[in-house]
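Report on one structure; see the data block that follows.
Please treat every number below as a calculation from the coordinates, not as lab data. The shown structure was predicted, so the numbers you read here are calculated from the model rather than taken from an experiment.
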Amino acid sequence: MPYLLDGNNLIGRARAGDGDRDALVREIADRLRATRARATVFFDGPAAQTATLGSLSVRSCGGSADEAIAREVERAASPSQLIVVTADRELARRVRDAGAKALAPADFWSRFGRGGPARPRDDAGAVDVEDWMRYFADEANRD
């Protein structure tokens with residue numbers, strides 16, 4: 001079953017609002033790579049563009065991603081085969097009314113790997129100076 005992902009919604013909810021579309025796309029593509037699932041992530045945007053990363057398509061809609069997702073479901077020959085991933089209640093209602101399934105982002109992340117999306121560690125890039133001092137104080141670790 002193809003997944004239609006509400007990208008801006010996933011960034012806002014799953015990625016703690018960091019606004020990094022590229023990081024979200026890479027993470028989804030990485031998680032899908034180990035499966036046979038196909039997905040399209042829709043983003044709001046001023047210019048309509050499409051890119052593909054393996055089984056993941058990325059669409060900047062040239063307007064509202066919600067409207068683009070709803071149109072995609074309405075045009076589908078078999079809307080019951082589509083799963084829309086969103087936390088937007090109105091969009092979820094619209095796609096269910098059109099025959100698709102709606103899935104919460106947390107459930108999507110659970111299906112494709114462990115729990116929610118990876119988040120950057122607060123101490124990423126931090127160096128423990130004391131560890132370095134101990135390491136280089138040992139003559140065996142110097143060249």
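Under the Karplus relation 6.51 cos²θ - 1.76 cosθ + 1.60, θ = phi - 60°, what is the ordered set of whole-Hz ³J(HN,Hα) values for the stretch 83-91, x standing for Gly and Pro?
Values, residue by residue: 10, 9, 9, 7, 9, 6, 4, 5, 5 Hz.
Near the amide H of residue 40, under 5 Å away, which other amide H atoms are found, from residues 5 or more places off or on another chain, if H is placed in the peptide plane?
3, 4, 5, 57
Going by the alpha-carbon gyration tensor, a ≥ b ≥ c the square roots of its eigenvalues, is the stretch 1-94 rounded (a/c under 1.5) or, if a/c is not under 1.5, prolate (a/b greater than b/c) versus oblate? Don't jump to the answer; show the numbers that get you there.
Working: a/c = 1.38, a/b = 1.10, b/c = 1.25.
The shape class here is rounded.
Would you kindly derive the ³J(HN,Hα) couplings of the stretch 63-76 from the backbone phi angles with the Karplus curve 6.51 cos²θ - 1.76 cosθ + 1.60 (θ = phi - 60°), listing them in order in whole Hz, with x for Gly and Pro?
For the stretch 63-76, the Karplus curve yields x, 7, 5, 4, 5, 5, 5, 4, 5, 4, 5, 5, 7, 5 Hz.
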